[in-house]
Amino acid sequence: MVTDPGAHAPLSRRLGLTDAVVVGLGAMLGAGVFVAFGPAAAAAGRLLPVALVLASLVAWANADSTARLAARQPTSGGAYAYGRARLGPAWGALAGWAFLVGKTLSAGAATWAVGTYAWPDQARTVAVATVVVLTGLAAAGVRRGVAVTRAVVALTLLALAVVVVAAVVSGPTDAPGGGDGAAGPGTVLGVLEGAGVLFFAFAGYARVATLGEEVRDPARTLPRAVALALGVVLATYAATAWALVDVLGVTGVAASARPVADAAAALGLPGAVAVTAVVAALAAAGSALGILLGLSRTTLAMARDGVLPRSLATLAGPRAEPRPVRAQVVVGAAVVIGLLTLDLPGAIAVSSASVLVYYSVAHAAALTLGRRAVPLLGLLGCGLVAASLVVGVVARAVGAATGGAVGAP
C-alpha cells in the first residue's frame, strides 16, 4: 500500500522505552567511539579529558533542550519541527538543512569506519556496499532496524568492557607512543576543537527525538530515553578514554587510526585485533543505520511541509507499519555521493559543526518553554565549539595548500 503524501498519514507508534534507548545507544556507540579519540587527542593533546568533559556538557545541554521539546511536540523531524513550530519556517529550514548535511556526512564517516576496520585496502568500496545494505534494511521498517541495533549495542558494550577491564588489571604498557611526555600541552582552541570532534560521537541521542512519531507515550518516553541513552554513553566514553590513554598514552592515541584495536593489541588480549575489528565494523554499521533512520524521518517532515519535494513524503508498506521508503532511498543515495569525496577527519569536523547549528536552533526553540539557563548555556557552547571546528578545518586547508606550494619545484 502506498499512502498519498498529501494525506500526511501518521507513522505507527510501535517503539517503547527500551527500543528508544537502543536507537540512541546504537547511534552513539558506533563509529565515534572507535575513530573519534584519535583526532580529538591530536587536537587537545594532554587536555583530552577536558575536551571530553566539555563535549559531554554540550551534549547534556542539547539533550535537555531536545527532550523537553520532544515531550511537547512528539512528531518526526526533531529540531526542524521544533524550530518551525516555535520560531518560524526559516529557523526550521536552517535546522533541517544543517541536520541533513551534517548527518549525511556522519553516515558516510560511519560507513567509512566500517571499511577501515573490515578491509582497510578497500575501505571506500566496503563503505558504499554498507550504505546500500543498510538503506535496504532501514526501508524495511524501523522495528527490524531496532532489533539489529540491539544486538550490535550489546556486542559493542561487551568489547569495550573487555578492553577497559584489561587496562585496569594490566596498567600502562610499553606500546609505541605510550606515555604522555611527547604529547602537546594543549590550547584553548585545541580543547574546543577536540570537544567538537568528540561531540561527533555523542550526537546520536537526537535520533530518539527524530523518531518521536513512532514512540508510544512520547511525553513520558522521549525524555527518559534521551537521558538514559546519554548517561550510558557518557560513562562508557569516560571509561574508554581512560583506558586508551592509560595503555597508549595521549600521543599513541593521537597517532592511531584504530585506537581501540591498537590498545587491545598492546594489552595482549587473545585474538584482540581481529575481534575488535569485527565489533568496531558492526558498531559503526549500527551507528550508520540509526543515522539513516533519522535522516529519512527528517526528510519526511521537511517534504510534508514543502521544504523538500512533497513526493518524498510518500509512505509505503503495510497499513500497520507505513514507512518513508522513497525518502530512505534518496538519503542512501546522498550518502553514497558524499562517500565519493569523503575525507574522514574533515567529514567529522564539518558534520559536528553542522549538527551543532541544528542544536542551536533547538536551544533557541527551547527558550520559548521557560527555564532559559540551560538553552542559553547550550547556545554558547554550540557556538564556541562549532566556530573552533570551522577554524580548524580552514587552518588545515590553508596549511595543506601552503605546504604544497612550498614543496612544489
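Here are some notes:
- Test: residue in the stretch 359-370 that is modelled with pLDDT under 95 and either in contact with a strand residue (DSSP E or B) (Cβ under 8 Å, 6 or more places away or on another chain) or farther than 20 Å from Pro89 by Cα (or both): yes
- Helices (runs of 4 or more DSSP H) lying entirely in the stretch 206-281 (those with 2 or more residues that are of a type in the set (Ser, Thr, Tyr)): 218-254
- Residue in the stretch 295-315 that is more than 23 Å from Ala36 (Cα to Cα), touching a helix residue (DSSP H, G or I) at 6+ places or on another chain (Cβ under 6 Å) and part of a strand (DSSP E or B) present: no
- Taking the stretch 11-36 as the range and being in contact with a Phe, Trp or Tyr (Cβ under 6 Å, 6 or more places away or on another chain) and farther than 16 Å from Ala55 by Cα as the test, only Gly24 passes.
- Residue that is surrounded by the fewest Cβ atoms within 10 Å (Cβ to Cβ) [pool: residues in the stretch 338-355 that are modelled with pLDDT under 80 and not in a helix (DSSP H, G or I)]: Thr341
- If you check Ala362, Ala327, Ala334 for being touching a Ser or Thr at 6+ places or on another chain (Cβ under 7 Å), surrounded by fewer than 23 Cβ atoms within 10 Å (Cβ to Cβ) and outside any loop (DSSP other than H, G, I, E, B), only one passes: Ala334.
- Scoring Ala283 on the criteria (1) under 30 Å from Gly136 (Cβ atoms); (2) open to solvent by 50 Å² or more (accessible area, probe 1.4 Å) leaves a single failure, condition (2).
The values are calculated or read from the model by the stated rules, or taken from the named source; none is laboratory data. The structure displayed is predicted, hence computed values, not measured ones. Virtual Cβ from ideal backbone geometry, glycine too; neighbours counted across all protein chains shown. Side chains included, ligands, DNA and RNA excluded: accessible areas come from the protein's heavy atoms. Shrake-Rupley method; radii C 1.70, N 1.55, O 1.52, S 1.80 Å.
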